[in-house]
1. Go through (1) surrounded by 10 or more Cβ atoms within 10 Å (Cβ to Cβ); (2) at pLDDT below 95 one by one and return the number of the condition residue 67 breaks.
2. Test residue 8 against the stated conditions and say whether it is surrounded by 10 or more Cβ atoms within 10 Å (Cβ to Cβ), modelled with pLDDT under 85 and at negative phi.
3. Surrounded by 10 or more Cβ atoms within 10 Å (Cβ to Cβ) and either free of Cβ contacts under 8 Å to residues at least 60 places away in the same chain or in contact with a helix residue (DSSP H, G or I) (Cβ under 7 Å, 6 or more places away or on another chain) (or both): which single residue out of 99, 38 fits that description?
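The values are calculated or read from the model by the stated rules, or taken from the named source; none is laboratory data. Just so it is clear, the model here is predicted, and its values are computed rather than measured. Reconstructed Cβ throughout: ideal geometry from the backbone, glycine too, with neighbour counts over all protein chains shown.
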């Protein structure tokens, strides 16, 4: 009878010990899962922030591209205007030379 009680007590202790160990493992697993859940939430927020920043950067790039196009168009217009002005200057110089040449021997032309 004594050995039967002892054997039964050992089995109960083993069961209680196993259950305690199982509970500890489950608590650790729950803590790990909570830690992972918090990390996932943090990473989601980081991703959202990065996505928003990326969107702002892309908008800025678009704005800068528009600005560059405007400067290029302005530069093209100025280049055309320069060509027109150069042609007018050339024409005026030719007319001036013709006028100076028509004066006869009135003197040397300045270079």
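1. (2)
2. Yes; evaluated as a whole, the condition is true for this residue.
3. 38
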